[in-house]
1. Considering all projection directions equally, how large on average is the shadow of the alpha-carbon convex hull of region 71-129, in square nanometres?
2. So what J values fall out for region 120-126 if you push phi through Karplus, 6.51 cos²θ - 1.76 cosθ + 1.60 with θ = phi - 60°, rounded to Hz, Gly and Pro as x?
3. Sorted from largest down, what three extents in whole angstroms do the Cα atoms of region 20-162 have along their principal axes?
4. Distance in nm between label sites at A161 and K37, each 7 Å beyond Cα in the beta-carbon direction?
5. Where the only charges are on Cβ atoms (+1 Lys, Arg; -1 Asp, Glu), what is the dipole of region 20-162 about its Cα centre, to the nearest 20 debye?
6. List the residues, sorted by chain then number, that are 5 or more residues from F103 or on another chain and whose placed amide H is less than 5 Å from its amide H.
7. Take R67, R157 and order them by how many other Cβ atoms sit within 10 Å, fewest up front.
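All of the numbers you see were taken from the coordinates with simple rules; none came from a lab. These numbers come from a predicted model, not from an experiment. Every residue, glycine among them, receives a Cβ derived from its backbone with ideal geometry; neighbour counts consider all protein chains shown.
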Amino acid sequence: MEALHAPWRIEYILGPKRADGDASIFTAIAQSDEDEKNYVIARGKSCFAVMNNFPYNAGHLLIVPYREVPDLADLNDNELLELMQLCRRCQAALRETMNPGGFNIGLNLGQAAGAGIREHLHLHVVPRWDGDTNFMPALGQTAIIPEAVAETAAKLRTALAQN
């Protein structure tokens, strides 16, 4: 078997883990003023957009409410509206900068649904291209991301600032 090396993942593997009762990583990012370091690409009044640091595909980003809630039912109408409006803005920026053929957009609510950060709802926006699923994810459980997250974030931040 051949090995694929992904040395950037060691930061996640060895990094501090959330203790029960601690705020989610999204809350920490929401309260931080280091947007570039945290790959935040846009901020609204009640939600922000951030690149997924461990993406399924190039351009994979997340729309996150500032308030740490686990379910859509916990959002107020303004938060829910801004969540979707920011999603639409990010989708337009992804179209402009990456020219995808389609999108997967969705929520994983609860452990059974695959939510990695169950306590803090977040909307996934994943650009897709014809043929982007090949033998690597199917057989090797490995995704190929052709551009560094920081580079994609910079492009999207510029596109979002213009709109």
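1. Here the figure is 4.4 nm², rounded to one decimal.
2. 9, 3, 8, 9, 7, 10, 10
3. Principal-axis extents of the Cα atoms in region 20-162, largest first: 39, 39, 26 Å.
4. In this crude label model, A161 to K37 measures out at 1.9 nm.
5. 440
6. R128
7. With the fewest neighbours first, R67, R157 line up as R67, R157.
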